[in-house]
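Nothing in this text is a laboratory measurement; each read-out follows from the coordinates by a stated rule. Just so you know, these numbers come straight off a predicted model, no measurement behind them. FYI the Cβ positions are ideal-geometry reconstructions off the backbone, even for glycines, and counts take in every protein chain you see.
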Amino acid sequence: MKERLHPFQLSILIMMIQNGLVLYSLPQITAEYFGTNGWLSIIFIFVLVNINLMMIALIYKLGKGRSIFEIIEASVPKWLMVPIYLFIICVWIGIASMIMSEYIFIYKLMFLPAFPDSLLIILFTIISFQLLRGGIYKIAKATVVLFFFVELMIFLVFYLFPEFEFTRFTTFFFKGETDYFKGALHLYSAFLGIEVSILFFPMVEKKWTKALFIGNFISTVIYLIILFLSYGFFSFDQILNDKYPVMTLFEYTEVPFLTRAENLCFSVFAFKVLSTIVIYYWGAQQIFGNIIKSIKPDFWIFIILASGFILALAPDSVVDVEKWLMWLSNFAIGIAWALPSFVLCILFIQILIKRFNRETDHAK
């Protein structure tokens, strides 16, 4: 019997594959683009992401568990889809490599300025290779283990409660030099990664779609806790002028058994970054495998990892990485909405054609 992904595994996988690296600058982003009490904006993005997930769940239900490749290629010739598939592959490999590169640049900036970038990129690439060779089931199992390392760090913020003051919150909502659209794109990028779940259909147990919403809800709760605490710990101006407020937040964490909490937290956060990178690489591998089925999966792994390695070496600074990530994230958001919309349109057409044929046969 073929192994299936359990809903519990999927809930954790969904939470872990979301681009959580944005978390470290999330308070600054909400303050800059949404103004005072900008932390509330995450709720609106949460609703948008849930609508996106509902589209994926609807595809699974209407398609009766068929893969999106079966659904699409039942109505659209594969040769016509190849350019679209290649575009998605390029965006996913690009965003994975830039997330890796951004983490490495921030890590070096904060802790190891003289450490060579290439060594850290090689380390991420080797671990990614081992996980990708195991397939989605081993990736999911490994992610569950990594989850407990990463999420234990959230409990450190409770040591900051003595310094938390409600007086730092303003009575004004979304006031200041705001740019809601640009801010929404930045915030949505914190939830990216879930769009790859559209490839999970043949690999999951029945009634798995709840796991999508549970995983997304866990991420949102974590984001809200960090945002709320940041707005009560710093003044609004401090948040605006600090590139990584969450890093500063952990610097103030005083734990009897731990010094330099920010070092530990950011180092452990590499597990979450790794989960995001691997799932994007895995998604690219699945699409490559569908384009040319005669080639072994390991071949695509080498192509993907080599491409990711080269791309990760391309930027010279964290500023360059952020520019690349901005464009790639916007493309990824477009894919997250356009691909499910396209598949739903095809499904509705297929359903209408089947109904028409059934009625025609009945009339005869």
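Can you bin segment 1-129 into rounded, prolate or oblate? Criterion: square roots of the alpha carbon gyration tensor eigenvalues sorted a ≥ b ≥ c, rounded for a/c under 1.5, prolate for a/b above b/c, oblate for the rest.
oblate
Taking Cα atoms only, the orientation of helix 297-313 departs from the longest principal axis of the chain by about 30 degrees. By definition, a body whose alpha carbon gyration tensor gives a ≥ b ≥ c is oblate when a/c is 1.5 or more and a/b is not larger than b/c, and segment 301-364 fits this oblate description.
The orientation-averaged shadow of the Cα convex hull for segment 18-80, equal to a quarter of the hull surface, comes to 6.5 nm². Helical content of the chain, expressed as a calculated mean residue ellipticity at 222 nm, amounts to -24000 deg cm²/dmol (DSSP H runs of 4 or more residues, -39,500 (n - 2.57) each, divided by residue number, nearest 500). Electrostatic tally near P245: other residues with Cβ closer than 15 Å to its Cβ, Lys and Arg +1, Asp and Glu -1, net -4. Protection proxy ranking of 130-138, 273-281, by the mean of other Cβ atoms within 10 Å over each peptide's residues and highest first, is 273-281, 130-138. Stretching S75 away from F213 to a fully extended chain increases their span by 46.7 nm, per 0.36 nm per residue minus the current alpha-carbon distance. By the rule of a C-alpha distance below 18 Å, with chain neighbours fewer than 8 residues away ignored, the aspartates and glutamates paired with K141 are E3, E151, E205. Of interest is the spacing of the C-alpha centroids, which for segment 122-169 and segment 281-321 amounts to 23 Å. How tilted is helix 270-291 with respect to the longest principal axis of the chain? Cα atoms for both, answer in degrees (0 to 90, nearest 10). Here the helix axis deviates by roughly 20 degrees.
Under the Kirkwood approximation applied to all pairs of distinct alpha-carbon atoms, what is the hydrodynamic radius of the chain in Å?
Details: mean 1/r = 0.0463 Å⁻¹.
Computed over the chain, the radius equals 21.6 Å.
Report, as a whole number in µm² per second, the diffusion coefficient that Stokes-Einstein gives for segment 185-340 at 10 °C and 1.306 mPa s using the Kirkwood radius over alpha carbon pairs. Approximately 85 µm²/s, per Stokes-Einstein. Rounded to the nearest 10 degrees, the angle from helix 78-110 to the longest Cα principal axis of the chain is 10 degrees. Checking the Cα-Cα distances for K138/K207; K175/K210; K64/K354 against a 26 Å cut-off, the pairs over it are K175/K210.
Ranked highest first by the average count of other Cβ atoms within 10 Å around their residues, in what order do 87-96, 339-348 fall? Mind showing how you got there, number by number?
Values: 87-96: 22.2, 339-348: 17.0.
Answer by packing, highest mean first, reads 87-96, 339-348.
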